[in-house]
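**Student:** The structure that follows is given in the form of structure tokens.
Quick note: the coordinates plus some simple rules give every number you see, no bench work behind them. Model, not experiment: these values are computed from the prediction. Neighbour counts are summed over all protein chains in view; Cβ atoms, including those assigned to glycine, are modelled from backbone coordinates with ideal geometry.
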Amino acid sequence: MRPTSSLTVRERATLGWGKVRRFYLAHFRRAYVRESLARRVGQCDRTGACCRLMFTCPLLDTVSDPVRCRVHEVKPKVCRLFPIDERDLRDRDILSPDAPCGFTFVPREEFLRRGSAAVHEAETRVHIETVDLPRS
Ligand code: SF4
């Protein structure tokens with residue numbers, strides 16, 4: 001994991017824009033988020049990289065192993081939904097290029113080739129309000 005102090009100005013700008021983008025998507029683009037999360041596979045490996053974008057979140061318990069969110073049960077929607085799409089993975093990989101996220105995405109074109117019934121069925125399984133709750 002790179003220390004946030006090693007981030008370049010350009011990388012900080014990318015990560016800052018990513019935070020704005022995720023907030024917008026999480027709060028105003030529910031259909032996009034639902035479709036994107038329907039393509040998401042894998043699980044959170046609790047590397048904590050997404051809690052260190054630009055700065056280390058003060059609510060991240062870095063003593064516990066693996067790291068944990070101190071407010072997991074009520075953490076913000078942008079945290080629960082991360083990663084929303086491939087751009088979030090690219091952002092996150094700036095900080096942690098050697099330890100990949102446990103999530104990946106089925107490419108959109110491949111996902112859509114499954115047909116509208118399968119796509120719809122996958123999307124109906126995504127419940128944005130309860131993603132990542134409670135802790136397993
Ligand atoms: S609130 Fe929790 S999940 Fe969100 S960045 Fe902070 S530690 Fe991570």
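**Student:** Take the residues in region 30-72 that are among the aliphatic types (A, V, I, L, M) and in contact (Cβ under 8 Å) with a residue 40 or more places away in the chain; name whichever of them is nearest to the ligand (Cβ to nearest atom).
**Tutor:** Within region 30-72, the match that is nearest to the ligand (Cβ to nearest atom) is 53.
**Student:** Please specify each residue of region 73-82 satisfying the condition of being near the ligand (Cβ under 7 Å from one of its atoms) and in a helix (DSSP H, G or I).
**Tutor:** Within region 73-82, the first condition is being near the ligand (Cβ under 7 Å from one of its atoms), and the residues that meet it are 75-76, 79.
Result: 79, single match.
**Student:** Looking for something within 13 Å of the ligand (Cβ to nearest atom), over 11 Å from the mean Cα position of the chain (by Cα), under 22 Å from residue 18 (Cα atoms) and part of a loop (DSSP other than H, G, I, E, B) - is there at least one such residue anywhere in region 96-115? Before you say what the answer is, go through the steps one by one.
**Tutor:** The first filter runs over region 96-115 and keeps only residues within 13 Å of the ligand (Cβ to nearest atom), leaving none.
No, region 96-115 has no match at all.
**Student:** Checking residue 91 against (1) among the acidic types (Asp, Glu); (2) farther than 30 Å from residue 9 by Cβ; (3) assigned to a helix (DSSP H, G or I), which test does it fail?
**Tutor:** (2)
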